[in-house]
Amino acid sequence: MNETRRAILAALSDGPVSGPALADDLEISRAAVWKHIEELREAEFAIESGPNGYELVGVDAYNAPAIEFGLEAPFSVEYHDTLGSTNDRARELAADGAADVAVIADEQTGGRGRLEREWSAPSGGVWVSIVTRPEITPAQAPLYTLASAVATATVAREAGVDAWIKWPNDVVVPVGDDGDYRKLVGILTEMEGEMDRVDWLIPGIGVNANVDADGLPEGATSIRDEAGDVDRRAFVQRLLEEFDRYRIDLDAIVPAWRELALTLGQRVRVELPSGDVVGEAVDITDSGALEIETDDERVTVSAGDCEHLRPV
Ligand code: BT5
């Protein structure tokens, strides 16, 4: 956002301020203040003119200036009403050298899951991809996926949803006690780097927020269906704040993940190119790999599709 408009918002966040006072503080003309206020109103900041000056009465919008305003994490926001895939756009920005940008869309027309699968992303969801340039090794990259899952599950719980994590990258809502679930969130992490260093890493997080689960693929649920609509601006702000908190404290990720894990203690089947591994999920390692106790041995798997099975 333009620095002057940011400064005006900062001033208004403490209560009403008169036009002349703003002009004095920011060393601009009163006409310029008026012009910036008009532009903020166009960006859907509800600014009223009262006896004490301009007053910010609400932020209803879901767009870049609104999400950046009051965001307590160091990300800039690029917002689109519609986009093919936020991950594709984030990759373009990463290739141009960008860092710490959250690409957010109201709707995606070509949302992607893992392994070229489709991700359904109608208007009303929270579809966000975060361009990061972390100082980690590629082996640590799965931690960023776990951090995204922890952040999203935490914020979904704040919204009143009984959210849990299914290893490695889904946030789900349990159905019954047998490990069955509906999928609320999918995460697609993409990266580029060399053997010993990550160049960029993009967690792409898709939350079925204010959408009807009926219109989504079978087995999906949404925040609307579980707990009613959320304020998407506040939701995505909290998500970015929680993600930021964990990426600067990598040691905190796995313990937090364990607390939220639906998978631990479950009988699971993980599909690997070398064949399926079936057994009880007993733990995850410091780098986020799943440890499975099969009939014969303990196997560590670092990636793959994981299915929860009914207990035997
Ligand atoms: C994922 O893949 O779960 C990762 C999804 C990542 C989506 C985000 S949205 C923001 C960013 N931009 C993108 O283009 N992508 C990311 P996977 O584990 O492969 O699961 C995909 C499967 O989930 C599909 O084959 C469907 O069965 C199912 N699915 C598709 N859309 C869904 C939805 N909205 N909710 C629940 N399940 C869905």
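The values are calculated or read from the model by the stated rules, or taken from the named source; none is laboratory data. All values reported here derive from a predicted model rather than from experimental measurement. Counting neighbours? That spans all protein chains shown, and the Cβs are built from the backbone with ideal geometry, glycine included. Areas reflect the complete protein model, heavy atoms only, side chains present, ligands, DNA and RNA absent. Shrake-Rupley method; radii C 1.70, N 1.55, O 1.52, S 1.80 Å.
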Is one or more of the residues making up segment 234-251 within 24 Å of Pro138 (Cβ to Cβ), part of a strand (DSSP E or B) and open to solvent by less than 20 Å² (accessible area, probe 1.4 Å)? no
Looking at Glu39, Glu68, Glu44, Glu72 in this structure, which one is loosely packed, with under 14 Cβ neighbours inside 10 Å and more than 16 Å from the ligand (Cβ to nearest atom)? Glu72
Residue check, Arg247 in the same structural domain as Val171 (by TED's automatic domain parsing), among the charged types (D, E, K, R) and away from the ligand (no atom under 16 Å from the Cβ): yes
Of those in segment 7-20 that are touching a helix residue (DSSP H, G or I) at 6+ places or on another chain (Cβ under 8 Å) and free of Cβ contacts under 8 Å to residues at least 60 places away in the same chain, the residue farthest from Ala102 (Cα to Cα) is Pro20
Could you tell me whether segment 194-207 includes any residue that is surrounded by 20 or more Cβ atoms within 10 Å (Cβ to Cβ), in contact (Cβ under 8 Å) with a residue 60 or more places away in the chain and farther than 25 Å from Thr137 by Cβ? yes
Mind checking whether some residue in segment 177-184 is crowded, with 24+ Cβ neighbours inside 10 Å and farther than 22 Å from Ile248 by Cα? yes
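To keep it simple, each residue is scored yes or no on (1) at pLDDT below 95; (2) assigned by TED's automatic domain parsing to the domain that holds Gly97; (3) more than 16 Å from the ligand (Cβ to nearest atom).
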position: Asp196; (1), (2), (3): yes, yes, yes
position: Val211; (1), (2), (3): no, yes, no
position: Glu226; (1), (2), (3): no, yes, no
position: Arg298; (1), (2), (3): no, no, yes
Could you say whether any residue in segment 237-248 is touching a residue at least 60 places away in the same chain (Cβ under 8 Å) and farther than 25 Å from Phe69 by Cα? no
Checking the structure you have, find out if any residue of segment 46-66 is under 27 Å from Asp199 (Cβ atoms) and at pLDDT below 95. yes
Residues being out of contact with any helix residue (DSSP H, G or I) (no Cβ under 6 Å at 6 or more places or on another chain), surrounded by fewer than 20 Cβ atoms within 10 Å (Cβ to Cβ) and not β-branched (Val, Ile, Thr): count how many of those fall in segment 142-176. 5
Considering only strands (runs of 3 or more DSSP E) fully contained in segment 82-179, which possess at least 1 residues that are more than 13 Å from the ligand (Cβ to nearest atom), more than 21 Å from Gly193 (Cβ to Cβ) and assigned by TED's automatic domain parsing to the domain that holds Arg245? 164-166, 170-174
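Yes/no matrix, rows are residues, columns are (1) under 25 Å from Glu107 (Cα atoms); (2) within 15 Å of the chain's Cα centre (by Cα); (3) small (Gly, Ala, Ser):
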residue	(1), (2), (3)
Ser123	yes, no, yes
Ile136	no, no, no
Gln140	no, no, no
Asn169	yes, yes, no
